[in-house]
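Here is the structure we will look at, set down as structure tokens.
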Amino acid sequence: MWQQRIRRADLHKKIMPAEQAVQFIKAGMTVGMSGFTRAGDSKAIPIALAAKSATQGPLNLTLLTGASLGNNSDGLMAESGVLARRSPFQVDADMRRSINEAKVLFYDQHLSELAEQLRSEPGYPIDVAVIEAVAITEDGHIVPSTSVGNSASFVNQAKQVIIELNTAMPAELEGFHDVYLPKRRPGREPIPLTSVDQRLGSTAIAVDPERIVGIVLTETLDSPSTATPPDVETQAIAKHIVRFLENEVALGRLEKSLLPLQVGIGSIANAVTQGLVESDFEDLTMYSEVLQDSAFHLLESGQLKFASASSITVTAPMMEHFFNHLDQFRDRVVLRPQEISNHPEVVRRLGIIAINAALEFDLYGNVNSTHVSGTKMMNGIGGSGDFARNAHLSIFVTKSLAKGGAISRVVPMVSHVDHCEHDVDILVTEQGLADLRGLAPRERAALVIKHCVHPDYQAELADYFARACARGGHTPHVLEEALLWHQRFEEQGDMRKAELAVN
């Protein structure tokens with residue numbers, strides 16, 4: 001079977017086991033691996049690297065990816081001494097622990113930026129690129145699998161390339177990709193993308209076959225999405241957003257087809273997209289990073305006519321359905337490099353409606369997407385900042401409570417700022433929606449308290465705001481209390497006052 005997929009015969013001699021391929025990866029190297037939100041990631045090389053580290057000692061690699069890896073690869077490499085540094089995004093619990101214990105140094109970065117730095121700065125020379133593929137063309141070029149991510153940039157920069165040819169993925173994925181990379185600066189021409197369904201490049205990643213040093217055969221599917229089905233709260237969030245968008249149409253600010261949608265990864269974002277299935281919007285388009293189950297439900301409902309992303313991250317049943325109906329989606333889905341899917345210039349040009357998740361937000365609209373209690377890294381900023389600052393509408397969503405009510409997601413002051421109030425238009429919890437556009441800080445705070453805060457915290461937050469206003473200032477705060485709720489959680493495991501937490 002693999003013979004038909006490797007269409008350049010002289011590359012057949014480069015097939016080898018992963019244990020042999022990792023001999024090209026030396027201690028201290030910088031490695032670029034394919035993978036974007038658990039999709040299209042390297043499956044065999046991380047395991048072989050962990051085994052090599054166990055026998056030969058820590059490798060201390062710098063690992064760059066598109067976004068998160070699947071199949072527990074990040075955690076395995078972190079725990080086995082493979083990694084010294086990691087960028088730009090991860091979601092693995094063991095990796096997270098290693099980062100927060102400073103065993104692995106993590107460079108959290110906007111997902112659109114890494115490829116640009118690779119191209120223009122000497123600090124990130126890629127020694128080896130490890131790329132998952134479903135086929136290799138007659139020219140020796142690489143046909144990616146379920147993501148593009150930063151793969152094309154890694155291949156373009158790397159001194160050596162290892163290909164993981166995954167025969168569990170259908171070869172018919174060839175043709176879904178649009179591989180286009182901007183030129184070097186200065187004098188770069190604009191990215192000529194003016195509509196979501198436009199194609200700019202090729203269906204494979206160009207590479208000099210001489211730089212391909214090994215081909216490893218695999219047959220492991222992507223880790224399935226962990227997004228949970230919509231619940232009462234996420235359905236409420238979706239309804240608030242649908243009503244808001246319906247009102248924008250009624251006011252003549254949007255057409256019934258809206259503008260291209262970007263929806264972040266995760267259960268809440270998936271539920272929001274699912275909520276659009278029951279709406280009256282039509283001829284929708286999506287220009288996003290990731291396509292989740294709900295995007296395919298929208299495609300099949302006929303409401304979504306075209307979807308552009310950098311990866312496909314779905315549950316196991318949806319993955320099987322997608323693979324069994326590739327022809328149904330072939331002309332309606334395209335996968336691009338993440339620096340194109342997330343490029344600020346393109347986001348601004350297309351007028352994206354961006355919907356992303358927050359860990360917490362505060363009275364004035366500042367959003368924390370990354371740090372628990374301001375210090376502990378969760379996953380990373382991902383692509384939310386690429387979209388938030390440049391979108392036509394920047395919407396952030398979260399449930400109002402966490403940890404059974406011990407945490408309020410709406411606080412007096414966020415413990416870490418990823419998206420300042422200038423980049424945030426709309427805030428939504430299951431309690432309601434606050435439209436912050438054109439409002440001064442005091443006006444914003446009143447709306448956030450009224451519409452977004454859970455009743456268990458509403459009175460105390462209103463009291464804080466009143467006392468802050470009495471002190472004065474354009475953005476009023478009681479500085480000695482601004483992070484008091486976070487301090488309470490650290491000390492007593494609950495943000496509420498002690499007497500309320502007990503009750």
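The values are calculated or read from the model by the stated rules, or taken from the named source; none is laboratory data. Everything numeric here is computed off the predicted structure, so don't read it as measured data. Quick reminder, even Gly has a Cβ in these numbers, built from the backbone with ideal geometry, and neighbours come from all protein chains shown. Quick note on the areas: whole protein, heavy atoms, side chains included, nothing else; ligands and nucleic acids left out. Shrake-Rupley method; radii C 1.70, N 1.55, O 1.52, S 1.80 Å.
For the reader, a short list of remarks on this structure follows.
- The condition (being in contact with a His (Cβ under 9 Å, 6 or more places away or on another chain) and without any contact (Cβ under 8 Å) to a residue 40 or more places away in the chain) is satisfied by just one residue among Arg471, Arg467: Arg471.
- Selection status of Asp108, touching a residue at least 60 places away in the same chain (Cβ under 8 Å), open to solvent by 10 Å² or more (accessible area, probe 1.4 Å), in contact with a Gly (Cβ under 6 Å, 6 or more places away or on another chain) and farther than 24 Å from Val334 by Cβ: yes
- Residue in region 274-285 that is open to solvent by 10 Å² or more (accessible area, probe 1.4 Å), at pLDDT 95 or above and aliphatic (A, V, I, L, M) present: no
- Failed criterion for Val134 (all others in (1) under 20 Å from Thr30 (Cβ atoms); (2) touching a residue at least 60 places away in the same chain (Cβ under 8 Å) hold): (1)
- When the helices (runs of 4 or more DSSP H) confined to region 390-503 are screened for residues that are surrounded by 17 or more Cβ atoms within 10 Å (Cβ to Cβ) and at negative phi, those reaching at least 2 such residues are found at 441-451, 455-471, 484-492.
- Only listed residue being buried (at least 23 other Cβ atoms within 10 Å of the Cβ) and touching a Lys or Arg at 6+ places or on another chain (Cβ under 7 Å), chosen from Gly365, Gly383: Gly365
- Condition met for Glu233 (open to solvent by less than 20 Å² (accessible area, probe 1.4 Å) and either on the phi > 0 side of the Ramachandran plot or in a helix (DSSP H, G or I) (or both)): no
- Matching entry among Pro260, Pro186, Pro209 (being closer than 30 Å to Val161 by Cβ and at pLDDT 95 or above): Pro209
- Criterion (hydroxyl-bearing (Ser, Thr, Tyr) and at pLDDT 95 or above) met by exactly one of Thr218, Thr228: Thr218
- Hits in region 252-305 (condition: small (Gly, Ala, Ser) and touching a residue at least 40 places away in the same chain (Cβ under 8 Å)): Gly264, Gly266, Ser267, Ala269, Ala271, Gly275, Ser288
- Residues being over 14 Å from Leu173 (Cβ atoms) and aromatic (Phe, Trp, Tyr) are represented in region 341-363 by at least one member.
- Which numbered condition Pro186 misses (of (1) assigned to a helix (DSSP H, G or I); (2) more than 30 Å from Lys305 (Cβ to Cβ); (3) open to solvent by 10 Å² or more (accessible area, probe 1.4 Å)): (1)
- Some residue of region 72-85 being touching a Phe, Trp or Tyr at 6+ places or on another chain (Cβ under 8 Å) and either of a type in the set (A, V, I, L, M) or open to solvent by 10 Å² or more (accessible area, probe 1.4 Å) (or both): yes
- Here Ile265 fulfils each of the conditions (1) in a loop (DSSP other than H, G, I, E, B); (2) surrounded by fewer than 24 Cβ atoms within 10 Å (Cβ to Cβ) apart from (2).
- Unique residue being among the hydroxyl-bearing types (Ser, Thr, Tyr) and out of contact with any Lys or Arg (no Cβ under 9 Å at 6 or more places or on another chain) when the list is Tyr464, Tyr457: Tyr464
- All told, Gly214 falls short of being under 23 Å from Asp10 (Cα atoms) and outside any strand (DSSP E or B).
- On inspection, Leu259 qualifies as open to solvent by 10 Å² or more (accessible area, probe 1.4 Å), touching a strand residue (DSSP E or B) at 6+ places or on another chain (Cβ under 6 Å), of a type outside the set (D, E, K, R) and over 15 Å from Val334 (Cβ atoms).
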